[in-house]
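Just below is one structure, and these are the notes that go with it.
The values are calculated or read from the model by the stated rules, or taken from the named source; none is laboratory data. Owing to the predicted nature of the structure, the values given are computational and were not obtained by experimental measurement. Please note: Cβ atoms are built from the backbone with ideal geometry, for glycine as well, and neighbour counts cover all protein chains shown. Only protein heavy atoms, including side chains, enter the accessible area calculation; ligands, DNA and RNA are left aside. Shrake-Rupley method; radii C 1.70, N 1.55, O 1.52, S 1.80 Å.
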Amino acid sequence: MRKYWLPWLILSPSLLFLALFTYFPLLRSVYDSLFDTRIVSNDAPFVGLGNFVRLLDDSVFWQSLFNNLIYILLTVIPGVTLALLLAVALWENHRINRWLRTAFFFPMIIPMVSAAALWLFIFMPGLGMLDHYLAQLFGPMNNNWLGRSNSALLALALIGVWKFAGYYMLFFLAGLQGIPASTREAAVMEGATSTQVFFKVTLPLLRPTISFVVTTALIYSITQIDHVAVMTRGGPDNATTVLLYYIQNLAWDTHDLGKASAATFLTLVGLFVFSLVNLKLLERGAHYER
């Protein structure tokens, strides 16, 4: 009996927090999505799928979904690619590389709110660092990067790549160091070039790491919205309104908790489906023995 209950006893604190802060909020969002909280009364009326219908009829929801998809493309692909390149460049474990790893990881330590405040000065029209250096190349600049709908989302994506690329780099470094050296040496002995070794040997063996990093990057691209709230507040003209910021506005500004819960549930379902497909596709044929 002790052998049976001891593992559950050890896991009980984690299971308790998982139930309180993951499964209970999920079930509560499903429950709240069935009621219309806009009507001020003691008991909100049951509307079934009415909140989902209102959500799908909302043009701002579809725009926030489109913005989030664009933001994912602008952050996940460049961020993961940059992290992989940094990991390969800093693979060797010597003093200079250790300092460089620390430097690239440093943005991850900075809270997103502080990072947003820092980048506000960089993007400041005419006086910011970006316009200052562009002016040295192309003449006087007065670009309102955060005030134009065609550049605001790109500016926010740049912050996301800057902040998280160094963090993803650590996972790739761990994955690279876990690949047996004999595998690469065998490929070199067979006459493979360094490029062939990377694309034919190293990259396929990194599939589990790539799968994990891509899934993590996707979650961050949806859940990290502090810089949106600080820098643009979803503007201009909803050009930077992403899903979580849209949900936050529904819950806090309009107190439409039912509609916000419906949007939360659909977002979580989409994340779950993507993560499942991603893990299945990238982990196929990626296991090896030491």
message: Please go through segment 188-219 and give me each residue that is farther than 23 Å from LEU100 by Cβ, of a type in the set (Gly, Ala, Ser) and at pLDDT 85 or above, ordered by number.
response: SER211
- line: Only one of THR202, THR195, THR183 is closer than 15 Å to LEU90 by Cβ and of a type in the set (Ser, Thr, Tyr), namely THR202
task: Could you list, in sequence order, all residues of segment 265-290 that are among the aromatic types (Phe, Trp, Tyr), at pLDDT 80 or above and open to solvent by 80 Å² or more (accessible area, probe 1.4 Å)?
output: PHE272, PHE274
- prompt: Failed condition for LEU176, given (1) under 19 Å from the mean Cα position of the chain (by Cα); (2) crowded, with 16+ Cβ neighbours inside 10 Å, with all others met?
  reply: (1)
task: Please work out which one of (1) surrounded by 17 or more Cβ atoms within 10 Å (Cβ to Cβ); (2) touching a Ser or Thr at 6+ places or on another chain (Cβ under 8 Å); (3) outside any loop (DSSP other than H, G, I, E, B) is the condition ALA239 fails and give its number.
output: (3)
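Is there a residue in segment 209-222 that is outside any helix (DSSP H, G or I) and closer than 21 Å to ALA260 by Cβ? Lay out the reasoning, then the answer.
Filtering segment 209-222 for residues outside any helix (DSSP H, G or I) gives none.
No, segment 209-222 contains no residue that is outside any helix (DSSP H, G or I) and closer than 21 Å to ALA260 by Cβ.
Counting just the residues of segment 67-96 that are surrounded by 13 or more Cβ atoms within 10 Å (Cβ to Cβ) and without any contact (Cβ under 8 Å) to a residue 24 or more places away in the chain, which one comes out nearest to LEU244 (Cα to Cα)?
Going residue by residue through segment 67-96, those that are surrounded by 13 or more Cβ atoms within 10 Å (Cβ to Cβ) are 67-72, 74-88, 90-91.
Going one step further and asking which of them are without any contact (Cβ under 8 Å) to a residue 24 or more places away in the chain, we end up with 69, 77, 81, 85.
Values: LEU69: 12, ILE77: 20, THR81: 25, LEU85: 30 Å.
Top of the filtered list is LEU69.
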- prompt: Being closer than 25 Å to ALA115 by Cα, hydrophobic (A, V, I, L, M, F, W, C) and open to solvent by 20 Å² or more (accessible area, probe 1.4 Å), is that true of even one residue in segment 248-264?
  reply: yes
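Would you call SER59 within 30 Å of GLY235 (Cα to Cα), surrounded by 13 or more Cβ atoms within 10 Å (Cβ to Cβ) and not charged (D, E, K, R)? Please lay out each step first, then the result.
Values: within 30 Å of GLY235 (Cα to Cα): yes; surrounded by 13 or more Cβ atoms within 10 Å (Cβ to Cβ): no; not charged (D, E, K, R): yes.
It is false that SER59 is within 30 Å of GLY235 (Cα to Cα), surrounded by 13 or more Cβ atoms within 10 Å (Cβ to Cβ) and not charged (D, E, K, R).
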message: If THR202 satisfies all but one of (1) touching a helix residue (DSSP H, G or I) at 6+ places or on another chain (Cβ under 6 Å); (2) buried (at least 18 other Cβ atoms within 10 Å of the Cβ); (3) more than 30 Å from LEU26 (Cβ to Cβ), what's the number of the condition it fails?
response: (1)
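How many residues does segment 91-145 contain that are aliphatic (A, V, I, L, M), assigned to a loop (DSSP other than H, G, I, E, B) and either over 25 Å from GLY235 (Cβ atoms) or more than 26 Å from the chain's Cα centre (by Cα) (or both)? Steps first, please.
Initially, segment 91-145 is screened for residues aliphatic (A, V, I, L, M), giving 96, 100, 103, 108-110, 112-113, 115-118, 120, 122, 124, 127, 129-130, 134-135, 137, 141.
Those left that are additionally assigned to a loop (DSSP other than H, G, I, E, B): 110, 124, 127, 141.
After this cut, where a residue has to be either over 25 Å from GLY235 (Cβ atoms) or more than 26 Å from the chain's Cα centre (by Cα) (or both) as well, the list is 127, 141.
Looking only at that region, the number is 2.
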statement: Those residues of segment 101-132 which are open to solvent by 60 Å² or more (accessible area, probe 1.4 Å) and of a type in the set (Val, Ile, Thr) amount to THR102, ILE109, VAL113
